[in-house]
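Each remark here refers to the structure printed beneath this line.
The values are calculated or read from the model by the stated rules, or taken from the named source; none is laboratory data. Every value quoted in this text rests on a predicted model; they were computed, and no experiment measured them. Note that we place each Cβ from the backbone using ideal geometry, even for glycine, and neighbour counts take in every protein chain shown. Please note that ligands, DNA and RNA were not included when accessible areas were found on the heavy atoms of the full protein model with its side chains. Shrake-Rupley method; radii C 1.70, N 1.55, O 1.52, S 1.80 Å.
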Amino acid sequence: MPFSFDLDITRASTIPARLYNDPVYLDLELGQIFARTWQLVGRTAQLVETGAYITAEIANESIVIVRDGEVLRGYHNICLHRAGPVAQGCGKRQTMQCRYHGWTYNLRGELVRAPEMEGTAHFTPGDFKLLPVQVATWGPLVFANLDLKAPPLEHFIEDIPAACARFGAERMQFVMSREWRIDCNWKVYVDNYLEGYHVAVVHPGLHKELDVDHYVVEPHRYYSRQFAPLRPVAPHATDRKYIPREGDDEAHYYWVYPNWMLNIYQGQLQTNVVLPIDHRTTLVRFDWYALTPPAEHDPDWARVVDFSFEIQDEDIAICEAVQRNLRSRVYDRGRYSATKENGVHHFHSLLHEWLT
Ligand code: FES
Ligand SMILES: [Fe+2]
């Protein structure tokens, strides 16, 4: 199970191919990583009024998050009777009633009604409380962490909120979302996100927009930031997708360990969540936010979103091809570009740290 890893990128080899192929590693990752880190699970706009709730899944655990006055509360979505679900989908309820035998919990997670339990010895409903999970928010985003001992969200995202303040990210509103099911291990998708090295070959269209010579990847403890200045627009150019604007001439891409991203450019915030379905299948969900939600058929918005679909299709094609080759009998590990793949090396060093 353990694997060797060199923290010096100039000497390191990439992680072994079996980490992408063997379902044993996904089980390990779910327990050691996904069950111990902050996961992006929803939007604050879904949880405005008391009783509004959402459900989500983290590391194969179902959870429910509910608004109770000023606070958001999070619980395992598991009834303490015989493990039925206490909430489904999303909506608004003043209590959570189990769908199996009707045990009912208030928003503080306390069991308030358990029908036909009168003959049961030493049974006091007040002793039963839904098992909690941690909840946090930043701007429009809601996060949960199964691990009650995990450090707060700020420990992982550090100065990202401060760095995003100039884009107004905290005030942005949800516009739309889209999902892709991709035939690759979740780490193949994350690896690919973490470098601009492939832009010239995989994304010819994007390559025309970004000044890749000045593409920077800046790893921090639990996140990395990628900056790419936009290329200046030649006078009368008609083929540009991104038009640099005053004070908004950069694209910022943040990846936060282990599996979510924030992409900020052109007045948009886009979140990506990378969810393993199994060891070779991944669900990627994009949510778009904007300071002022665009009018229907806004041509500027459509141009930028269509372009992100084009880039995503290019990334999916290469990720699926890589996954097929990682299953080969002859390939195991490669080497990193010390100047271009520091973000990938950083991710792999965190995997090594948390898995071994
Ligand atoms: S499992 Fe919830 S009431 Fe029986
Ligand atoms: Fe890409």
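Look through the stretch 63-93, keep the residues that are under 19 Å from the mean Cα position of the chain (by Cα) and within 23 Å of residue 127 (Cβ to Cβ), and return whichever of them is nearest to ligand 2 (Cβ to nearest atom). Top of the filtered list is 63.
Residue under question is residue 302, and the condition is that it be modelled with pLDDT of 95 or more, in a helix (DSSP H, G or I) and more than 16 Å from ligand 1 (Cβ to nearest atom); does it hold?
No: the conditions fail for residue 302.
If you go through the stretch 311-321 and keep only what is among the acidic types (Asp, Glu) and more than 11 Å from ligand 2 (Cβ to nearest atom), you end up with just 320. Restricted to the stretch 123-144, and to residues there that are part of a strand (DSSP E or B) and touching a His at 6+ places or on another chain (Cβ under 9 Å), the residue that is nearest to residue 111 (Cα to Cα) is 132.
Candidates 275, 283: the one that is crowded, with 16+ Cβ neighbours inside 10 Å and not in a helix (DSSP H, G or I) is 275. Among the residues making up the stretch 54-106, a single one is surrounded by fewer than 19 Cβ atoms within 10 Å (Cβ to Cβ), of a type in the set (A, V, I, L, M, F, W, C) and touching a strand residue (DSSP E or B) at 6+ places or on another chain (Cβ under 6 Å): 90. If the condition is being in contact with an Asp or Glu (Cβ under 9 Å, 6 or more places away or on another chain) and in a helix (DSSP H, G or I), then the stretch 192-210 contributes 192, 193, 202, 204, 205, 206, 208.
Is there a residue being buried (at least 17 other Cβ atoms within 10 Å of the Cβ) and part of a loop (DSSP other than H, G, I, E, B) anywhere in the stretch 158-181? Checking the stretch 158-181: at least one residue is buried (at least 17 other Cβ atoms within 10 Å of the Cβ) and part of a loop (DSSP other than H, G, I, E, B). Among the residues of the stretch 3-32, those identified as under 26 Å from the mean Cα position of the chain (by Cα) and in a loop (DSSP other than H, G, I, E, B) are 3, 5, 7, 9, 14, 15, 16, 17, 22. Here 296, 310 are screened, and the one residue that is farther than 27 Å from residue 351 by Cα, in a helix (DSSP H, G or I), open to solvent by 40 Å² or more (accessible area, probe 1.4 Å) and not small (Gly, Ala, Ser) is 310. The residue list 327, 333, 303 contains one member that is in contact with a helix residue (DSSP H, G or I) (Cβ under 8 Å, 6 or more places away or on another chain) and either exposed (fewer than 15 other Cβ atoms within 10 Å of the Cβ) or not β-branched (Val, Ile, Thr) (or both), which is 327. Quick check: is even one residue across the stretch 211-220 in a strand (DSSP E or B) and within 30 Å of residue 21 (Cβ to Cβ)? Yes, that holds for at least one residue. When residue 184 is tested against (1) in contact with a Ser or Thr (Cβ under 7 Å, 6 or more places away or on another chain); (2) in a loop (DSSP other than H, G, I, E, B); (3) closer than 30 Å to residue 219 by Cβ; (4) more than 16 Å from ligand 2 (Cβ to nearest atom), exactly one condition is not met: (4).
Would you confirm whether any residue within the stretch 65-74 is within 16 Å of ligand 1 (Cβ to nearest atom), closer than 26 Å to residue 38 by Cβ and part of a loop (DSSP other than H, G, I, E, B)?
Scanning the stretch 65-74, I find no residue that is within 16 Å of ligand 1 (Cβ to nearest atom), closer than 26 Å to residue 38 by Cβ and part of a loop (DSSP other than H, G, I, E, B), so the answer is no.
For beta carbons closer than 6 Å, sequence separation of 6+ or different chains, a first residue in the stretch 127-141 that is more than 14 Å from residue 161 (Cα to Cα) and a second that is of a type outside the set (A, V, I, L, M, F, W, C) and part of a strand (DSSP E or B), the qualifying pairs are 129/110; 130/75; 130/105; 131/76; 132/75; 133/74; 134/145; 135/74.
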